[in-house]
Protein chains: 2
Amino acid sequence: MERTKKPLHIVKIGGDILDNKDRLSALIEEFSQLKEAKILVHGGGKMASALSTKLGLEVEMHEGRRITSKEQLEVVCMVYAGLANKTLISSMQAKSIDALGLSGADLNLIQAEKRAVQTIDYGFAGDIVQVNSSRIKDLVDLGVCPVFCAITHDNKGQLLNTNADTIASSLAVAMSAHFEVCLKFVFTHEGVLKDMQRSDAIFEEINSTDFVQLKKDGVLSQGIIPKLTNAFDALQEKVQEVRIGSSAIINHDKGTKVCL
Amino acid sequence: MERTKKPLHIVKIGGDILDNKDRLSALIEEFSQLKEAKILVHGGGKMASALSTKLGLEVEMHEGRRITSKEQLEVVCMVYAGLANKTLISSMQAKSIDALGLSGADLNLIQAEKRAVQTIDYGFAGDIVQVNSSRIKDLVDLGVCPVFCAITHDNKGQLLNTNADTIASSLAVAMSAHFEVCLKFVFTHEGVLKDMQRSDAIFEEINSTDFVQLKKDGVLSQGIIPKLTNAFDALQEKVQEVRIGSSAIINHDKGTKVCL
């Protein structure tokens, strides 16, 4: 007989939260009240673009993904693994969350491979090939809260830039072997908007049939489509629940629930 | 009867090694051959100063210590905890060293307090008040190699900049409760130079009496004096052995041995 798995919450936060002191402190307050096992995943794209501008480096994006030149890789390592991650860790420790900042290179937790050049050369962008879930479980079982930034490596000495939404859903899928995983994408809106032009009405639930239709009808914003795609992928791979919304979804059944 | 403690090697590397691909790869090769328990500590001051210059920020030093403004704190967090630390971790993992990058904020491992303003205001510089040695021991016992950058925190949400030599000697003192600690300061010379103008002759050993005399005679460079002071402090607090020299000291009894 299979034992009941314990719950694990994987919360991904967007760059627009990291960027704003009040939003960040509200988020950490919410997160500190979540008493079950938890993992935080963050990006920092807006901060990385701001630093690039200061350094006179051009930021090139393709379909919302950063083209990661050698210089851009240095920028994202500095911003994601350095400033953003350690600011989070220090604020979380102050709220008695036993946070440990991690990249995929640390303890070889997330191994990726450099994306093959097809029509677009994404540079040092990494596609995840392996998540060391039993090792992450050991940390979680010790009461540690892993905080992952959006940096991975190829285990041959090359750091790589990996989309934070993808890291969150890959972690959710891998950790489902050990936990009942609830994946939460926290961003600036209350949920998936019914109308891109207005932020006051959200979908309470979206299933995969709705998703196909909503995409067809052009209702969804470009930004939300990859998030939802990641969400459906995760649900198909045994992740228990996926929600998208503001920091209120961390402790409450709010926002948009994504269902198969 | 006291049980014999296991050896632990704490190796501190300077910024001029991080900066140079060949030196760094030689260092990691040496370090990977050290089969006993080990911890790496690194700074990155030269890289931080280079980034400051690119950003048009002024670098202010006083007696070799950085005056850490809010902007400089961001720079050192980006460089030490981000680029330098993750470059090391990824290179070490490629050599099968199970490295885990850490700041003092992670797991609240090294708590510091903001240095009080006396004649000089060092800004966000942190003086160490507590090292969580039993937690670091747990990591080391799991076969993990902790890699500390020179960032600490006050456990109230403030990150702080702490000298890497001081972090290394404080770690050495704290870990002496659990291990026979050997502290190794690796830099560009073969050891402590007998003559600042020539790099071919080094002291094989320096004791505290020699140190007083050498300082009086003006034989020692300004850079080596705080390193030696840290070394004598560590030896007085039960650290087993201290050596200063090139990466050859990691696996061999070379360089300058510091004795009480």
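Scan region B:1-73 for GluC sites (Glu not before Pro) in coil per DSSP, keeping those whose Cβ has at most 15 other Cβ atoms within 10 Å, and list them by number.
B:2, B:36, B:58, B:60, B:63
Give the relative contact order (percent, whole number) for chain A; include only Cα pairs under 8 Å separated by 6+ residues.
It comes to 22 percent, rounded to a whole number.
Take peptides B:102-111, B:122-131 and line them up by average Cβ neighbours within 10 Å, highest first, as a rough protection proxy. It would help to have the intermediate numbers written out before the result.
On the way: B:102-111: 27.1, B:122-131: 19.9.
Ranking, from highest mean packing down: B:102-111, B:122-131.
Length gain on complete extension for the stretch residue A:238 to residue A:117, per 0.36 nm per residue less the alpha carbon to alpha carbon distance?
The span from residue A:238 to residue A:117 would gain 40.5 nm if fully extended.
Which value at 222 nm does chain A reach when only helices count, each DSSP H run of 4 or more adding -39,500 (n - 2.57), with the total divided by all residues and rounded to the nearest 500 deg cm²/dmol? List each step's numbers first, then the result.
Details: 9 runs with 87 residues, N = 260.
Taking each H run of at least 4 residues, the total per residue is -9500 deg cm²/dmol.
Taking the Cβ of residue B:135 as the center, what net charge do the other residues with Cβ under 12 Å away carry, scoring Lys and Arg +1 and Asp and Glu -1?
Summing Lys and Arg as +1 and Asp and Glu as -1 gives -3.
Could you tell me which GluC sites (Glu not before Pro) in region B:176-221 are loop residues by DSSP with no more than 13 other beta carbons within 10 angstrom of their beta carbon?
B:204
With a cut-off of at most 16 other beta carbons within 10 Å, and DSSP calling the residue loop, which trypsin sites (Lys or Arg not before Pro) in region A:18-62 qualify? Please list them. Present the calculation step by step, with values, prior to reporting the outcome.
Values: sites: A:21, A:23, A:35, A:38, A:46, A:54; in loops: A:35.
Filter output for region A:18-62: A:35.
Does region B:6-259 come out rounded, prolate or oblate, given a ≥ b ≥ c as the square roots of the eigenvalues of its C-alpha gyration tensor, rounded meaning a/c under 1.5 and, failing that, prolate meaning a/b above b/c? Can you show the working numbers first?
On the way: a/c = 1.31, a/b = 1.08, b/c = 1.20.
Rounded shape, in that the Cα axes give a/c under 1.5.
Tell me, what HN-Hα J-couplings in whole Hz come from the Karplus equation 6.51 cos²θ - 1.76 cosθ + 1.60 at θ = phi - 60° for each residue of region B:73-80, using x for Gly and Pro?
Once θ is set to phi - 60°, the couplings for region B:73-80 become 4, 4, 4, 5, 4, 5, 6, 5 Hz.
So what J values fall out for region A:254-259 if you push phi through Karplus, 6.51 cos²θ - 1.76 cosθ + 1.60 with θ = phi - 60°, rounded to Hz, Gly and Pro as x?
10, x, 9, 8, 9, 10
Which residue is it, in chain A, whose C-beta lies closest to the A-to-B rotation axis, and what is that distance in whole Å?
In residue-and-Å form, the answer is A:82, 1.
Expressed as a whole number of Å, what is the distance separating the alpha-carbon centroids of region A:19-39 and region B:37-91?
Taking the Cα centre of region A:19-39 as reference, the centre of region B:37-91 is 28 Å away.
In whole angstrom, how far apart do the alpha carbon centroids of region B:135-176 and region A:170-185 sit?
31
Taking H placed 1.01 Å from N in the peptide plane, check which residues at least 5 places from residue B:191 or on another chain put their amide H under 5 Å from its amide H.
Hits under the 5 Å cutoff: B:246.
Bear in mind that the values in this text are calculations on the coordinates, not laboratory data. In this text the structure is predicted, and so the values were computed from the model without any measurement. Heads up, the Cβs are rebuilt from the backbone with ideal geometry, glycines too, and the neighbour counts pull from every protein chain shown.
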